[in-house]
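Beneath this line is the structure, given in structure tokens, with notes to follow.
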Amino acid sequence: MLEHHSQPPNFEQDMLPHLDAAYNLARWLMRNEQDAQDVVQEAYLRAFRFFSGFRGGDARAWLMKIVRNTCFTWLHANRPLQDAAEFDENVSPPDYHAPNPEELLLQNDSGNLLHQALENLPASLREVLVLREIEGMSYRKIADITGVPLGTVMSSLSRARGRLRKALTSVMNRNKMHGSRRTAAASA
């Protein structure tokens, strides 16, 4: 009887397919394309360095945890005041200015509205939404990646969805109000 041994883990085979997901999470957490690229590069270096400790299982979840930790390490070092407040869920988000007509035109398509509303969420809520709704990860995997209990993931997702719904409604109402003022001014 022959014993079947599974192949030893292969970094390129196991980790490179998840590059887009890693970048996507970093982009949403960092809010900056260049910083996200830098963080993903650093995360992949860390993953490579610690790959011998990877015992198989879900390579994507393992990598996303490294990306997440790298993002927060970078944010803590480079933007300590700005992003520290985002993780205190008792702090309300800063009021953002009412958009001018040019900004409204740019935001008019629904993808931009969703993007803007998601950007305005605190990082902890943005993170769970991205992992669940964009990356399609299970609650259990999100709990593992973020290091919080499963119940906290579920309540954070519920809170994030509610905040996102509220932010979208607010942005859409501002756009409608602004559009009706423009129509009234044009017909006057």
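The values are calculated or read from the model by the stated rules, or taken from the named source; none is laboratory data. Everything numeric here is computed off the predicted structure, so don't read it as measured data. Glycine gets a Cβ as well: all are built from the backbone with ideal geometry, and neighbour counts include every protein chain shown. Just so you know, the surface numbers come from the protein's heavy atoms only, side chains and all, with ligands and any DNA or RNA stripped out. Shrake-Rupley method; radii C 1.70, N 1.55, O 1.52, S 1.80 Å.
Of interest is the spacing of the C-alpha centroids, which for the range 56-70 and the range 110-160 amounts to 16 Å. The accessible-area ordering, largest first, of the residues 28, 74 stands as 74, 28, per a 1.4 angstrom probe. For the residues 145, 66, a 1.4 Å probe over the protein chains yields an accessible-area ranking, largest first, of 66, 145.
Of the trypsin sites (Lys or Arg not before Pro) in the range 15-59, the ones in a loop by DSSP (not H, G, I, E or B) with at most 12 other beta carbons within 10 Å are 55.
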